[in-house]
């Protein structure tokens, strides 16, 4: 079903109605299918979010590192209720339907490419894969299932060979004592399957929430598969691979955030850094222990910053002991802060590497740490949607600053709902929740972004100077689900709060609400003289705290000056003057329009007023 929690509850998590990564990165399918010789192997470790057309003939599943949870290897193919365009299937319903397919290209089981001979049963052909229900997504119901079929080119028929009923991941773990289970299937029926057009396919049965409100229906019933392998020379004991791999995206180097304004970071870099990188998961998929080395390297556009050397340690097989627990690998220290530059924004590259001592096996992960002008707990990719099931209910996300700064904009990520989401809500900024002190409130409308990031930006029409802490969020005007993006990969400590009418409480969900406050790097308590010179117009100081605004424009006597709020309301008009006393205006952002009375030419400038 599509809900993470019963609809009666006030605070809800909902499966996605649209996959943003698929919408952003839709690629062309191969012009024709490519016949594959043995061995067939795909571990889904790739940049694209679609199945590799060298192996697969369709692109319904989502290739990702987001929905996996404690996998054997990084990268999975996720089955859900979304089609190849990232939309809920048109035939989706609450009773059960076939959703995603993952179908191989034709596989040559009539012969062996390298040996140029006919494949026979004595070659011992086996098919294997890992699977898990739910992952970080929504648990499939017991009436849902994941199915595997083999295709006979001789009979022109798909034969079912394996299936597994849906269940929550924690129930799956109790039953199997692992979060991802490997399946090994011998293929011995040579008459039926040993043909040049053998294929296999997975598909899932899914079901949507039966909620009457379409705004509360979403993606559901996720399954993950990984490490799909078809080859000869195997046996029922062939459950190992000569591989040493990372299994999850690396955590943030920052103590509290995924991203923060660069000026905020530079104000206190030491205390902004995490003490260590919790949960670097490394998996040895072989049958024997490996002695390996782990390191990470931090660099930027100008130089190599620092190198962490984790030393050498034995990593035992995953099938016996799970991930490496050697502290210098699994919980490496953050050895220094990022080097500082006189820039407004910066990006650093962290390269994680694990290798056996002979360098025969290993893996590499690349991580980016960007600093701009916003705070973020999320990684930019939602795995669910967040909403409150009551009009007047509020949610607030807390942000702590290293120094005073000016809040100018709020960015929010909205997931689409089944029939679209155009509800109004109050964009709200709080100074505190207990007592509740509202700094800003504006009625705005949900909209979906065409921007590559997927975030919608709301400009504030008032300046908000934040000293050390601020809460940013929303108040609902209806029972409809706003469906704000929710990142399940990072859970900051007590940052999200909600009020369902009886006071503020910490959220019951682990994850990050995708709301980002944007700051302008102006504290309001300093004297700035910024001269804006655009379109032949100069105004200064800007921001203006008090006193006169100086205005300069060629042929100024021909101009009228109109001042508008960001909501488009005209608040002041005058014939051109070189000195404007604007003490009567409230704090906020204003638009100055200079209208030439002779030519009709219009020039514009943005002005910030602080008090």
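Let's test the formula: R0 of 56 Å, r as the Cβ-Cβ distance of residue 325 and residue 538. What FRET efficiency results, to the nearest 0.05? Numbers along the way, then the final one.
Details: r = 63 Å, r/R0 = 1.13.
So the FRET efficiency works out to roughly 0.35.
Arrange the peptides 404-411, 355-362 so that the one whose residues have, on average, the most other Cβ atoms within 10 Å appears first.
Working: 404-411: 20.5, 355-362: 13.9.
The densest-packed peptide leads the list: 404-411, 355-362.
Between residue 593 and residue 340, what FRET efficiency follows from the Cβ-Cβ distance if R0 is 41 Å, with the result rounded to 0.05? Walk me through the numbers before you get to the answer.
Values: r = 40 Å, r/R0 = 0.97.
It comes to 0.55.
Per-residue ellipticity at 222 nm for the chain, helices alone: DSSP H runs ≥ 4 residues times -39500 (n - 2.57), over residue total, nearest 500 deg cm²/dmol?
Working: 7 runs with 35 residues, N = 611.
The helix-only estimate for the chain comes to -1000 deg cm²/dmol at 222 nm.
Just to confirm my numbers, what's the Cα centroid distance between region 288-334 and region 165-181 in Å?
Result: 28 Å between the Cα centres.
Determine the gain in length on full extension of the stretch residue 114-residue 274; use 0.36 nm per residue of separation and subtract their C-alpha separation, reporting nm with one decimal. Could you put the intermediate results ahead of the total?
On the way: separation 160, 0.36 × 160 = 57.60 nm, distance 5.13 nm.
Result for the pair: 52.5 nm of gain on full extension.
How far apart, in nm, are two points set 7 Å out from the Cα along the Cα-to-Cβ line at residue 548 and at residue 445?
4.3
Label points 7 Å out from Cα along the Cβ direction at residue 478 and residue 240: separation in nm?
Output for this residue pair reads 6.0 nm.
How high is the FRET efficiency from residue 90 to residue 557, r the C-beta distance, R0 51 Å, rounded to 0.05? Walk me through the numbers on the way to the answer.
On the way: r = 64 Å, r/R0 = 1.26.
Efficiency at R0 = 51 Å is approximately 0.20.
Within a 10 angstrom radius of the beta carbon, how do 225, 456, 602 rank from fewest other beta carbons to most? Mind showing how you got there, number by number?
On the way: 225 24, 456 18, 602 12.
Exposure proxy ranking, most exposed first: 602, 456, 225.
For the ranges 254-266, 72-84, what's the packing order if you count other beta-carbon atoms within 10 Å of each residue, average per peptide, and put the highest first? Display every interim value, and only then the final one.
Details: 254-266: 20.7, 72-84: 24.9.
Per-residue Cβ counts within 10 Å, averaged per peptide and sorted highest first, yield 72-84, 254-266.
Using a cut-off of under 14 Å, list every residue of region 328-366 whose amide N is near the label point 7 Å from the Cα of residue 510 along the Cα-to-beta-carbon line.
none
What list do you get for 352, 91, 562 if you sort them by fewest beta carbons within 10 Å? Mind dumping the intermediate values first?
Details: 352 22, 91 9, 562 17.
With the fewest neighbours first, 352, 91, 562 line up as 91, 562, 352.
Return the label of the correct value of Rg and Dmax of the Cα atoms in Å, as calculated from the structure shown, out of (i) 43.9, 137; (ii) 28.6, 96; (iii) 30.3, 124.
Only one option fits the structure, namely (ii).
On a C-alpha basis, how far is the centre of region 236-266 from the centre of region 94-116 in Å? Whole number, if you could?
Answer, in whole Å: 32.
Could you put 199, 345 in order, starting from the residue whose Cβ has the fewest other Cβ atoms within 10 Å?
Working: 199 21, 345 12.
The order, fewest Cβ neighbours first, is 345, 199.
Please give the contour-minus-distance gain from residue 191 to residue 316: 0.36 nm per residue of separation, less the Cα-Cα distance, rounded to one decimal in nm. Kindly include the intermediate steps, with their values, before the conclusion.
On the way: separation 125, 0.36 × 125 = 45.00 nm, distance 4.10 nm.
Additional length available on full extension: 40.9 nm.
So for the chain, averaging the separation of alpha carbon pairs under 8 Å that are six or more residues apart and normalising by length, what relative contact order in percent results? List each step's numbers first, then the result.
Working: 1629 pairs, mean separation 76.4, N = 611.
For the chain, the relative contact order is 13 percent.
Could you order peptides 283-296, 160-173, 376-389 by the average number of other Cβ atoms within 10 Å of their residues, highest first?
On the way: 283-296: 19.7, 160-173: 16.1, 376-389: 24.2.
Packing order, densest peptide first, comes out as 376-389, 283-296, 160-173.
If contacts are Cα pairs under 8 angstrom and at least 6 residues apart, what is the relative contact order of region 352-443 in percent?
Details: 47 pairs, mean separation 11.9, N = 92.
Answer for region 352-443 is 13 percent.
Could you work out how far the C-alpha centroid of region 50-91 sits from that of region 587-611, in angstrom?
Each part's Cα centre sits 50 Å from the other's.
Report the gain in length on full extension from residue 97 to residue 37: 0.36 nm times residue separation, minus Cα-Cα distance, nm rounded to one decimal. Kindly include the intermediate steps, with their values, before the conclusion.
Details: separation 60, 0.36 × 60 = 21.60 nm, distance 3.30 nm.
Here the segment from residue 97 to residue 37 would lengthen by 18.3 nm.
So how far apart, in nm, are the two label points at residue 403 and residue 176 if each is 7 Å from Cα heading toward Cβ?
5.2
Read-outs: derived from the displayed coordinates by stated rules, not from any lab. All of these numbers come straight from a predicted model, not from anything done at the bench. A quick note on method: Cβ atoms are made from the backbone with ideal geometry, for glycine too, and the neighbour counts reach across all protein chains shown.
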